[in-house]
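See below for the structure under consideration.
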Amino acid sequence: MTETTASSFSLLTEPWIVARFRDGSTREVSVRQAFAKADDIVDLGGEVPTQTFAIVRLLLAVLHSALRPVRNPDQVWKALWESREPLPDLVDTYLKEHADRFDLLHAEQPFYQVADLATKSAEVSSLGKLIADVPNGQPFFTTRLKSGVDRISFAEAARWIVHCQAFDPSGIKSGAVGDKRVKDGKGYPIGTGWAGTLGGLLIEGKSLRETLLLNLVLGDPDGEPLSDDDLPLWERAPLGPGEEERGGPTGPADLFTWPSRRIRLAHDGDSVTGVVIANGDPLKPQLVRGVHKLEPMTVWRRSETQEKALKVGSGTHVYMPLEHDPNRMIWRGLSALLPQGIREEQRRNGAKYLPALSLYWLAQMSDKGILPSTQFRTRAIGMAYGVQSATVAEIVDDALSMSSILLAQQGRHLAALALGVVQQTDTAVFQLGVLARNLAIAKGGEPDGPGDRLRELAYFTLDSPFRLWLSRLASATDVLDAREEWYSEARTTLIRPARQAVDASGPSAWVGRENSRTGKLVNTAEAFGWFLREVHRALPDSDAADRARQDEENKEVVQ
């Protein structure tokens with residue numbers, strides 16, 4: 001906006017979402033433009049990856065709400081996937097009904113804010129409290145110049161306010177006047193924003209339209225429609241300074257727009273100059289019954305610790321979001337992503353992990369013939385927090401391309417292959433660490449440390465080849481050939497750094513030393529020989545693959 005006395009900034013009509021188009025250009029679009037140009041937009045961007053995740057969830061909340069009520073989830077989703085009907089035809093009427101609630105500067109009900117939010121001292125914080133790429137207490141480690149923190153445009157402020165409600169760290173917040181939880185002028189920690197508790201998974205298609213539909217879960221794991229009471233924030237009464245006392249979330253749209261904070265932007269009519277951020281509505285996953293059937297964009301882990309702490313009854317399981325490990329590549333946790341890895345019996349009896357509801361939904365759509373075989377990218381996006389989750393430590397952004405056939409029953413043999421390959425590769429990489437440890441003992445060095453570094457290097461080297469192999473797996477005509485292709489690649493990749501470690505071990509390691517734990521002599525030749533045997537056991541060569549193929553053929557003859 002060019003006016004110096006702006007009194008309105010509608011997220012529906014003003015450009016603020018960063019979008020990348022098919023022609024390679026990047027520009028800002030409004031909410032309505034995002035839906036209107038969804039077929040031409042490749043993906044969404046922003047200052048940080050977590051911003052993309054939060055904004056896609058906002059658009060999904062719009063789509064969910066515009067479609068409500070849904071009585072036949074499968075058929076509605078099928079019609080959307082097969083239709084070429086522009087998305088604005090679905091959402092425009094709905095957005096017009098709620099247009100006032102999307103105004104960032106509205107005098108009474110500003111978007112995602114509380115109009116009269118204030119502290120007792122009337123203090124307004126700097127924008128560093130809102131902007132997640134300004135590390136708390138470490139301003140020298142950011143690429144943002146000081147002027148970029150003094151003031152930002154309304155468009156950027158809109159992106160950060162959506163991000164703040166989703167990912168704001170925990171810690172002490174401003175004490176809002178009217179919030180009965182405030183003590184001594186402070187708002188004491190209630191936890192991070194809801195999305196910050198997740199190991200976020202965003203399924204990306206070839207366009208924004210595909211991305212929205214691939215993440216649009218219209219039914220629960222049993223195929224039942226979602227609740228008609230699943231309302232986004234803009235359909236509820238305007239927020240006040242205190243906590244809403246309305247119970248837990250009712251569905252995806254509610255969770256996508258959960259008001260974890262109370263916020264008010266300060267502006268001078270031209271740009272945003274400050275912010276007030278206070279505590280909003282806390283949300284702890286272990287306290288929301290069946291939350292794993294409502295939140296679709298994360299993998300879940302069963303928590304027996306929480307089950308004991310909450311004293312839940314027999315047969316009741318507590319699931320917590322499986323957060324991302326910044327040091328672990330997404331493909332190493334493939335078993336938790338694929339619905340094929342969880343049998344129905346395990347699901348009923350309390351599986352250790354549950355796949356993201358979005359991936360489970362797509363598996364159902366594939367099994368029912370609604371979703372044809374298609375390639376998509378599963379993107380892991382999340383935030384790692386510092387001590388007591390009060391600061392941002394690291395942002396996770398990783399992605400894995402695969403075919404939808406890996407989710408479906410018809411692709412169960414390929415899913416089993418992929419899961420087995422990951423497991424055997426982990427075993428082989430572990431042996432590389434054992435080699436490093438044995439070489440260190442052989443030359444009289446410290447056994448701890450070298451193995452970890454060598455394993456890290458191995459996973460880094462294996463990363464790109466495995467992603468490429470997995471992306472092509474759906475076209476494999478022979479499972480054993482596909483497995484041997486990877487095993488050969490992995491063996492070559494792992495033996496290379498092993499030989500380098502041997503060459504660097506020095507003359508003394510060839511003589512060797514006694515292992516104080518086993519009493520046996522350890523030298524380079526013994527260590528490398530053991531490594532080769534174990535690697536070939538974990539990743540058998542083609543001769544072993546031929547024997548396995550013959551075994552399979554013999555089995556078929558017998559049957």
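Within the range 517-532, the set of residues being touching a residue at least 60 places away in the same chain (Cβ under 8 Å) and either of a type in the set (G, A, S) or assigned to a helix (DSSP H, G or I) (or both) comprises T524, E526, A527, F528, W530, F531. You will find that of A415, A440, A399, A458, the residue that is small (G, A, S), more than 27 Å from S471 (Cβ to Cβ) and either part of a helix (DSSP H, G or I) or in contact (Cβ under 8 Å) with a residue 24 or more places away in the chain (or both) is A440 and no other.
Can you find, within the range 369-403, the residue that is farthest from the chain's Cα centre (by Cα) among those that are over 21 Å from A474 (Cα atoms) and among the small types (G, A, S)? Checking each candidate, the answer is A390. Per this entry, G382 is counted among residues that are touching a Gly at 6+ places or on another chain (Cβ under 7 Å) and either assigned to a strand (DSSP E or B) or at pLDDT below 90 (or both).
One residue is enough: does the range 319-326 have a residue meeting the conditions within 30 Å of D179 (Cβ to Cβ), in a helix (DSSP H, G or I) and open to solvent by less than 20 Å² (accessible area, probe 1.4 Å)?
There is no residue in the range 319-326 that is within 30 Å of D179 (Cβ to Cβ), in a helix (DSSP H, G or I) and open to solvent by less than 20 Å² (accessible area, probe 1.4 Å).
Of the residues making up the range 158-188, just one is among the hydroxyl-bearing types (S, T, Y), crowded, with 20+ Cβ neighbours inside 10 Å and out of contact with any helix residue (DSSP H, G or I) (no Cβ under 8 Å at 6 or more places or on another chain), namely S174.
Of the candidates A19, A34, the single residue that is touching a strand residue (DSSP E or B) at 6+ places or on another chain (Cβ under 7 Å), part of a strand (DSSP E or B) and open to solvent by less than 10 Å² (accessible area, probe 1.4 Å) is A19. Only one entry of G219, G193, G175 meets the criterion of being modelled with pLDDT under 95 and in contact with an Asp or Glu (Cβ under 8 Å, 6 or more places away or on another chain), and that entry is G219. Within the range 227-235, not a single residue is part of a strand (DSSP E or B), open to solvent by 40 Å² or more (accessible area, probe 1.4 Å) and not β-branched (V, I, T). Taken as a whole, the structure leaves A509 outside the set of residues that are surrounded by 14 or more Cβ atoms within 10 Å (Cβ to Cβ), in contact (Cβ under 8 Å) with a residue 24 or more places away in the chain and under 27 Å from M402 (Cβ atoms).
When the range 260-279 is filtered for residues that are in a strand (DSSP E or B), surrounded by fewer than 24 Cβ atoms within 10 Å (Cβ to Cβ) and among the small types (G, A, S), the ones remaining, listed by number, are A266, G274.
Quick check: is even one residue across the range 201-210 open to solvent by 20 Å² or more (accessible area, probe 1.4 Å), farther than 17 Å from V56 by Cα and in a loop (DSSP other than H, G, I, E, B)? Scanning the range 201-210, I find no residue that is open to solvent by 20 Å² or more (accessible area, probe 1.4 Å), farther than 17 Å from V56 by Cα and in a loop (DSSP other than H, G, I, E, B), so the answer is no. Against the definition (open to solvent by 30 Å² or more (accessible area, probe 1.4 Å), in a helix (DSSP H, G or I) and in contact with a Pro (Cβ under 6 Å, 6 or more places away or on another chain)), how does E485 come out, yes or no? It is false that E485 is open to solvent by 30 Å² or more (accessible area, probe 1.4 Å), in a helix (DSSP H, G or I) and in contact with a Pro (Cβ under 6 Å, 6 or more places away or on another chain).
The values are calculated or read from the model by the stated rules, or taken from the named source; none is laboratory data. Just so it is clear, the model here is predicted, and its values are computed rather than measured. Backbone-built Cβ (ideal geometry, glycine too); neighbour counts: all protein chains shown. The protein model used for the area step is the full one, side chains on, heavy atoms only, and it has no ligands, DNA or RNA in it. Shrake-Rupley method; radii C 1.70, N 1.55, O 1.52, S 1.80 Å.
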